[in-house]
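**Student:** Structure incoming, see below.
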Amino acid sequence: MAQKELRGLIWEFYRDLLAYRADPSPKRKAALRARFDRIFKRTTGFVSLDRLLKRLRANKPELLRVLDRPMIPLHTNGSENDIRCQVTKRKISGGTRSDQGRDCRDAFLGLAKTCAKLGIAFWDYLGARLEVANQPAVLRLPELVTQRAMTVNSS
């Protein structure tokens with residue numbers, strides 16, 4: 001029963017952190033910090049659960065960073081998605097034959113992911129860099145990222 005109750009408290013806390021991101025306030029910030037301590041300083045009597053709570057409590061600054069910077073995500077799904085294609089490729093092919101091959105693969109996968117996030121066709125970007133005939137003009141990535149950051153910050 002303690003496990004189920006604790007799980008419910010943690011998920012409710014997570015939902016409240018999401019709500020805080022949408023509408024931060026100093027009062028809610030203080031309340032969420034205090035609530036974190038009440039939830040994660042508990043002792044349940046279950047060794048593995050108590051160990052988990054202790055580990056999470058030790059990571060309090062990282063876990064509550066959203067209270068100081070509400071624009072950051074509460075999860076790492078985006079980061080995990082960024083490396084998923086690399087892991088899949090490595091599992092299928094067994095990896096690369098050399099360090100240089102690994103570096104090339106990583107560079108091209110990074111470019112492809114960045115282009116996808118910016119809504120640009122990777123082959124159009126690559127063609128523009130290689131000056132292939134009849135390719136659409138595409139800005140360089142630093143310029144595109146700067147443009148995107150300016151539009152996100154102005155909204």
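**Student:** Every residue in the stretch 1-32 that is touching a residue at least 40 places away in the same chain (Cβ under 8 Å) and aromatic (Phe, Trp, Tyr), please.
**Tutor:** Matches in the stretch 1-32: Tyr14, Tyr20.
**Student:** Mind listing just one residue for me: the one in the stretch 126-155 that is aliphatic (A, V, I, L, M) and assigned to a loop (DSSP other than H, G, I, E, B) and, of those, least open to solvent (accessible area, probe 1.4 Å)?
**Tutor:** Val138
**Student:** Can you name the condition, by its number, that Arg102 falls short on among (1) part of a helix (DSSP H, G or I); (2) loosely packed, with under 13 Cβ neighbours inside 10 Å; (3) at pLDDT below 85?
**Tutor:** Arg102 satisfies every listed condition except (2).
**Student:** Given the structure, is Asp16 exposed (fewer than 12 other Cβ atoms within 10 Å of the Cβ) and either within 15 Å of Leu63 (Cα to Cα) or modelled with pLDDT of 90 or more (or both)?
**Tutor:** Criteria not met by Asp16.
**Student:** Hey, can you tell me all the residues within the stretch 30-50 that are closer than 17 Å to Lys4 by Cα, part of a helix (DSSP H, G or I) and more than 25 Å from the chain's Cα centre (by Cα)?
**Tutor:** Arg38, Val47, Ser48, Leu49, Asp50
**Student:** Could you please find all residues in the stretch 40-68 being open to solvent by 70 Å² or more (accessible area, probe 1.4 Å) and within 21 Å of Lys27 (Cβ to Cβ)?
**Tutor:** Hits for the stretch 40-68 are Pro61, Leu63, Arg65, Asp68.
The values are calculated or read from the model by the stated rules, or taken from the named source; none is laboratory data. Quick caveat, the model's predicted, so the values are computed rather than measured. Cβ coordinates were reconstructed from backbone atoms using ideal geometry, including for glycine residues, and neighbour counts include every protein chain displayed. Areas reflect the complete protein model, heavy atoms only, side chains present, ligands, DNA and RNA absent. Shrake-Rupley method; radii C 1.70, N 1.55, O 1.52, S 1.80 Å.
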